1. Nearest 500 deg cm²/dmol is fine: what mean residue ellipticity at 222 nm does chain A get from its DSSP H runs of n ≥ 4 alone, each adding -39,500 (n - 2.57), divided by its residue count?
2. Given N residues in the stretch A:2-260, what is its alpha carbon radius of gyration divided by 2.2 N^0.38 Å?
3. Using r as the Cβ-Cβ distance of residue A:216 and residue A:25, and R0 as 30 Å, what FRET efficiency do you calculate, to the nearest 0.05?
4. Given the C-alpha centroids of the stretch A:82-112 and the stretch A:42-80, what is the distance between them in whole angstrom?
5. Suppose each label sits 7 Å from its Cα in the direction of the beta carbon; what would the residue A:180-residue A:50 distance come out to in nanometres?
6. Could you work out the relative contact order of chain A, using alpha carbon pairs under 8 angstrom and six or more residues apart, expressed as a whole percent?
7. Just rank A:126, A:216, A:36, A:242, fewest to most, by other beta-carbon atoms within 10 angstrom.
8. For A:143, A:32, A:127, what's the fewest-to-most ordering of other Cβ within 10 Å of each Cβ?
DNA sequence: ATGCCGGGTGGAACCCGA
């Protein structure tokens with residue numbers, strides 16, 4: 001089965017591209033980010049007509065995540081838990097639980113905060129969100145179940161994950177603190193799907209709309225799928241649907257997906 | 001190039017993104 005993640009940059013603007021991609025890629029589970037829609041306004045009918053169950057965690061104007069699945073949802077959890085006394089009103093996390101074979105499969109669609117500019121409260125918000133994610137993931141890994149954390153991490157893990165590392169020096173996506181937090185998450189025992197299956201250079205998932213970034217292949221790799229050991233054992237392939245970046249009215253991100261042995 | 005494009009809100013100009 002195929003499990004994909006894609007930051008679509010607005011469901012209203014990207015609806016037709018999403019439908020075209022679902023028909024072409026036919027993922028069993030799709031994790032979407034930046035739906036930029038409240039739940040009540042999300043256009044469901046054409047997606048459901050393709051055979052998908054759909055769960056959203058949206059908000060007005062910004063952020064928002066969704067899970068599409070041909071399998072029925074056994075459970076849905078919206079929002080990354082906050083630590084004591086904290087609060088978070090940004091819709092960036094949704095978890096679905098499915099049954100694959102006779103075992104549970106947990107899949108998360110997450111949209112990690114950007115964190116720029118780094119001299120504002122946005123950067124500590126990013127780092128605290130990452131700390132919350134790590135705490136949540138530690139608990140889930142203790143279940144020793146197949147778990148896939150998929151989404152837009154807004155982290156460039158290594159210099160080879162961007163076209164021009166100098167351009168990203170000091171940026172929240174490439175700050176040592178962000179990269180360290182991502183490594184710390186991985187070190188809980190996750191397998192990052194793409195880098196564990198290919199060393200192909202210039203493998204990116206985002207190209208800015210500006211300054212001809214796409215034409216120059218000035219991209220970055222920030223959309224990742226992290227697999228628990230039980231999920232990684234079933235990993236049989238990874239791919240990036242780069243061609244969607246050349247479509248009319250493209251998202252600035254492209255889909256990434258894993259082949260998962262059911 | 002701390003906004004060059006693009007989406008969303010709201011109905012012009014501004015916020016946000018990476």
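1. Estimated from H runs of four or more residues: -6500 deg cm²/dmol.
2. Ratio of Cα Rg to 2.2 N^0.38 Å: 0.94.
3. For residue A:216 and residue A:25, the calculated efficiency is 0.70.
4. The two parts, judged by their Cα centres, are 12 Å apart.
5. Placing both labels 7 Å along Cα→Cβ, they lie 4.1 nm apart.
6. Across chain A, relative contact order equals 20 percent.
7. Going from least to most buried by this count: A:216, A:242, A:36, A:126.
8. Lowest count first: A:143, A:127, A:32.
Quick note: the coordinates plus some simple rules give every number you see, no bench work behind them. Here the structure is a predicted model, which is why all the values come from computation and not from measurement. Ideal geometry is used to build each Cβ from the backbone, glycine not excepted, and the neighbour counts take in all protein chains shown.
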